[in-house]
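Below is one structure, written out as structure tokens, with a few remarks after it.
The values are calculated or read from the model by the stated rules, or taken from the named source; none is laboratory data. Computed from a predicted structure; not experimentally measured. Neighbour counts run over all protein chains shown; Cβ positions are idealised from the backbone, glycine included. Only protein heavy atoms, including side chains, enter the accessible area calculation; ligands, DNA and RNA are left aside. Shrake-Rupley method; radii C 1.70, N 1.55, O 1.52, S 1.80 Å.
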Amino acid sequence: MKIGILGGSFNPVHNGHVRMAIEVLERLSLDRVELVPAKQPPHKQEEDILPFDLRLELVNQAIDGVPGLGSNPLEGEREGPSFTCDTLHCYRTEQPESDFFFIVGASTFLELDQWRRGLEIPFMASIAVVNRWDAATAVAGCIKARWPEAKQEPEGVWTFPEGHTIRLVDIPRLDIKGRHIRERWLERRSLRFLVPPGVETFLEDHTAEVEKYWGKRS
């Protein structure tokens with residue numbers, strides 16, 4: 001089975017995340033893409049991050065009824081920061097027969113050298129680099145510098161001797177940020193077309209709980 005893995009804080013999940021998952025699912029002919037909320041995002045220390053269970057439920061609301069998309073709660077079962085290398089290790093241990101595709105934005109991909117064991121990720125899974133801005137040249141240079149053993153193929157694909165690949169996936173730009181959504185929610189503005197309908201409804205239905213982390217609504 002070919003499984004895509006899209007991790008993040010999802011505080012909250014929004015249409016940009018869902019569209020990214022769908023694009024990679026279709027472009028790489030994957031069997032499934034799983035959204036994996038981080039219990040303790042190692043690169044984000046904001047105090048306004050919702051509890052893991054709430055963010056997981058928001059993900060479930062967002063992908064409800066979307067074929068090929070699912071969620072995975074594995075990060076909630078682990079202690080400490082949610083490092084991608086550990087997440088991929090869990091996937092490989094639990095599903096050794098599957099092929100995994102780690103989904104990441106181009107700007108984040110360029111920062112993998114700052115991650116814990118980030119340069120080992122291409123040896124743990126294939127990588128789908130979502131080209132959210134014109135970064136093809138920067139990505140190509142990054143791959144050549146960090147993984148010289150990767151062979152460049154046509155159409156934005158690099159192949160490793162072990163069989164994993166790094167592939168550029170160009171998708172429509174939906175430049176939505178969690179901060180935009182939190183600000184609008186606090187101001188009681190519409191979130192329509194920024195988040196899936198189920199996410200907006202869930203946030204409204206759980207206002208008291210969300211306000212504990214995002215602040216009091218105006």
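With both residues required to sit in the range 86-191, DSSP beta bridges show an antiparallel share near 40%.
Springs between alpha-carbon pairs under 10 angstrom, Gaussian network model over the chain: which of V24, V33, V66 fluctuates most? Of the options given, V66 has the highest mean-square fluctuation. Taking 7 Å steps out from each Cα toward its Cβ at E97 and E209 produces label points 3.7 nm apart. Full extension of the segment from E162 to E77, taken as 0.36 nm per residue of separation minus the current Cα-Cα distance, would add 27.6 nm.
Under a 1.4 Å probe, what is the accessible area of the range 97-218 per residue, stated in Å²?
Numbers: 6800 Å² over 122 residues.
Using a 1.4 Å probe on heavy atoms only, each residue of the range 97-218 averages 56 Å².
Structure remark: mean-square fluctuation, Gaussian network model of the chain, C-alpha springs under 10 Å; the largest value among I176, I166, I121 belongs to I176.
P(r) tail for the chain: Cα pairs beyond 28 Å make up 28% of the total.
Rounded to the nearest 0.05, what FRET efficiency is calculated for C90 and F193 with R0 set to 45 Å and r the Cβ-Cβ distance? All intermediate terms of the calculation are to be shown ahead of the outcome.
Working: r = 34 Å, r/R0 = 0.76.
Working from the Cβ atoms, E equals 0.85.
Please state the relative contact order of the range 30-133 as a whole percent: Cα pairs under 8 Å, 6+ residues apart?
Values: 105 pairs, mean separation 28.3, N = 104.
After rounding, I find 27 percent.
Taking N as the number of residues in the range 82-201, what is its Cα Rg relative to 2.2 N^0.38 Å?
Values: Rg = 17.2 Å, N = 120, 2.2 N^0.38 = 13.6 Å.
That works out to 1.26 for the range 82-201.
Rounded to the nearest 0.05, what FRET efficiency do F123 and M1 have when you use their Cβ-Cβ distance and R0 = 22 Å? All intermediate terms of the calculation are to be shown ahead of the outcome.
On the way: r = 20 Å, r/R0 = 0.91.
For R0 = 22 Å, the calculated efficiency reads 0.65.
Among beta bridges identified by DSSP and lying wholly in the chain, the antiparallel ones come to about 20 percent. Taking 18 Å as the straight-line reach from the Cα of K151, the aspartates and glutamates in range (excluding those fewer than 8 positions away in the same chain) are E120, E162. Per residue of the chain, the DSSP helices (runs of n ≥ 4 H) give a summed -39500 (n - 2.57) that works out to -10000 deg cm²/dmol at 222 nm. Comparing K144, K177, K39 in a Gaussian network model of the chain, where Cα atoms under 10 Å apart are tied by springs, the biggest mean-square fluctuation is seen for K144.
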